[in-house]
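Quick notes on the structure that follows.
Readers should treat all values here as calculations from the given coordinates under stated rules, not as data from a laboratory. The structure presented is a predicted model; accordingly, all values stated were derived computationally and were not measured. Neighbour counts are summed over all protein chains in view; Cβ atoms, including those assigned to glycine, are modelled from backbone coordinates with ideal geometry.
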């Protein structure tokens, strides 16, 4: 039987088609509450996988990730409020169907949010990456908080009152697309010489440098990419929630993302995805025990670190054949 | 000019509080290379223990130094026990694990104390009874100091001198210093590393508890999340002075306190919390070893 | 005609007030195998760290193939053609043997980042080439059967070999070996040394070797430099060094005739090396 040769373009088309279908079906099949949980899971997955690049792959303790999410959220929201909505109207006037117009402008917003966040990641990463372990953690924590405090003091984005009225353009398609994008990106990166360079830096930075790996460049690169995707996640969140408040991006949010990476297993992409889903569902499942929720959450962190610090999957991945295939199957003889 | 000196008095007072808390951070880091995120929450517990003991003693009916002393000692004992429990059950098991695992455990303990506090004490603020009613004394030149501030300064001083004595002139102190250099070597010298680690935690918690009660005397409003900001600021103070360095923690605490009071007084109160972070970033980028510390490079 | 490959010119480095290496002059020609010995704490590993850029000399210069390399960052020096092993093994524990070697081959990869993520043809060919080279090296070093074993799970002797293999993957012109035989029994040491001599001939490398096992050093090195308290106290052939009273005194603290490998089974400088 002849094996179909799945070229990369064919794979992309297939993914887009599936997401398009899901986007049409899910809002009909699921009640709004469950749909919301699914969307939030998706956003959490993007955050966890992006942080995994920095913490898991490269071994850099970054505990201010929420700051990059906030930058992406606020910058894209500002864009949409100032200019984006007008662009949509203009496109619609020119005959573009609403869904496509909104999608296109949202894409622009996502890229903007991601880029601004990436620039922030560069600015934070460059001076900080000379520092070791704990010190780096504290500096990233500091930066995350400074970003939040800055936002709280900028009147133009609502400061402590919050920023309402953001157009709600995020849907299953876009969240799904970014989830697939960041996951595929991570897998491809991991199984390449550049991924190996990152792992080498994590395992032994001195040895890596002695073998010709430009360690500082790679560490900064990991920061830039990780913060880019965090920014995109923030932008998606902004255009889903339709409202932003600085309190969504506190140190606690950064901890939640770290918890996902650690629970899944540092370095494991599928672990990060799995843990992100579990930890997003958990508060919903524990809704009945609202006051106990945070206590249980903190106990979970402690118990996890004591009993199984390597997380659910350690450094391994869930191995499914078509995730691990790195090159298109040669045509069957 | 008298305003400046007034701010200085206030700054040194707050600085002493930060110093007391910072000492706990620095001692634990020196011994375990662990940032004890939960330390600020031990300070909070100190305030709460003090509150409950004060209420139990009916101290509001008979205010006085003796009552205050009892409250202080009770809170210190209570938090010493808490420090013991935290170390034994949460930190000891992860001592051999990676640094990140220990960091996350510490964060977990911090969240546990905060949210546990909300659960047990309730999220609404309580009011520390006025055990020592406030009286102002003039220092001349328009500068006043309250008796509460005097108490804070003198108790802090006594505790710091006591700590210095322990660290420099007792066997336990010598053992602490040995363990902070090298666990294995200390163990080979016959020192029980576990006991010294526990002792250090208890000592740090006792100091934090004292800080909590002292602050409660002056600023009576207490609530379960009150330890977050002071804990963070004290941590910055410890880093500022050189983390692991005991005199550094005192110096850092004073610098932190004075800077904060000055910025709030002369610039704007809304920057109060941001100063700590800015100071932190500056010190870590310019001189990570801190004012009195030594940055030890990795041996290749 | 052998050219000067590495030249250290009055190199000194101080840490705080302590001069760890003082006015060191050292030269290596292409293809030479030179030993660096001395009592513990003499500064031998510090010299390696100076050459590889971990430390910057406080005075003096280091030239490699005529170009100054002092002050360059370690990864640039590695790319220029100097690689090393470490006194305490520094393998990448979470990665397999073959992956460890692939990291060192990184500098020769042509496919950039974008290629890697998009999995282009260039990238795939690159990866195949890297993998091929790594497998060959594993064969040469006798490690083929451990190709897919995690470095942390390898037996000690194999770990030492893997470190050497990894250092070779960068196709260096100069290889710095820091006590490669440490912890090995006499047979393993002998095997390792034969292997190293083999590699040197095959790849035309120069090797600078730190070792405490005198049989190994005297047997393999053509020239030996002796350090004590950061100062070079002697340099010469194994025979000269063996008889040098200053060297003996440095090691033993008094003038005594010590057995510096006179009974070694390894080929000695008089018999081989035309």
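Overall dimensions of chain A, expressed as equivalent-ellipsoid semi-axes from the Cα gyration tensor (√(5λ), whole Å, largest first), are 29, 27, 21.
Taking a quarter of the surface of the Cα convex hull of the stretch C:92-153 gives a mean projected area of 4.3 nm². Relative to the longest principal axis of the Cα atoms of chain C, the long axis of helix C:186-203 makes an angle of roughly 70 degrees.
For chain B, the longest principal axis of the alpha carbon atoms and the long axis of helix B:65-86 meet at an angle near 30°.
Shown here: the protein assembly as shown, whose C-alpha atoms stretch 100, 82, 48 Å along the first, second and third principal axes, sorted largest to smallest. With both residues required to sit in the protein assembly as shown, DSSP beta bridges show an antiparallel share near 65%.
Peptide B:95-107 has a mean shielding of 6, counted as Cβ atoms of other protein chains within 10 Å of each residue's Cβ.
Take the Kirkwood radius over Cα pairs of chain B, plug it into Stokes-Einstein at 37 °C and 0.692 mPa s, and you get 168 µm²/s for translational diffusion. Using the Cβ-Cβ distance between residue B:291 and residue A:278 with R0 set to 35 Å, the FRET efficiency from 1/(1 + (r/R0)^6) comes to roughly 0.20. Distance between the modelled labels on residue B:262 and residue A:316, one decimal in nanometres: 5.8 nm (7 Å Cα→Cβ projection).
With Rg and the Kirkwood Rh both taken from Cα atoms, where does Rg over Rh land for the stretch C:198-245?
Rounded to two decimals, Rg over Rh is 1.00.
Suppose we take every Cα in the stretch C:49-101 and form the convex hull; what volume per residue is that in Å³?
For the stretch C:49-101, the hull spanned by Cα atoms encloses 92 Å³ per residue.
Averaging the sequence gap over all C-alpha pairs within less than 8 Å and six or more residues apart, then dividing by the number of residues, gives chain C a relative contact order of 24 percent.
Using R0 = 56 Å, the C-beta based FRET efficiency linking residue B:150 and residue A:303 works out to 0.75.
Relative to the longest principal axis of the Cα atoms of chain B, helix B:147-169 runs at roughly 20 degrees. The C-alpha radius of gyration of the stretch B:42-155, expressed as a fraction of 2.2 N^0.38 Å, stands at 1.38.
As an exercise, use a Förster radius of 25 Å and the Cβ-Cβ distance of residue A:108 and residue A:155 to find the FRET efficiency, rounded to the nearest 0.05. It comes to 0.50. Of all DSSP bridge pairs formed entirely within chain C, close to 55 percent run antiparallel. With both labels modelled 7 Å from their Cα along Cα-to-Cβ, the residue B:127 to residue B:187 distance reads 5.3 nm. The helix-based estimate of mean residue ellipticity at 222 nm for chain B, built from -39,500 (n - 2.57) per DSSP H run of four or more residues and divided by its residue count, is -24000 deg cm²/dmol to the nearest 500. In terms of surrounding Cβ atoms within a 10 Å radius of their Cβ, A:41, C:102, B:79 rank from fewest to most as A:41, C:102, B:79. Remark: C-alpha extents of the stretch A:183-333 on the principal axes read 56, 45, 39 Å, sorted largest to smallest. Across peptide A:293-300, the average count of Cβ atoms from other chains found within 10 Å of a residue's Cβ is 5.
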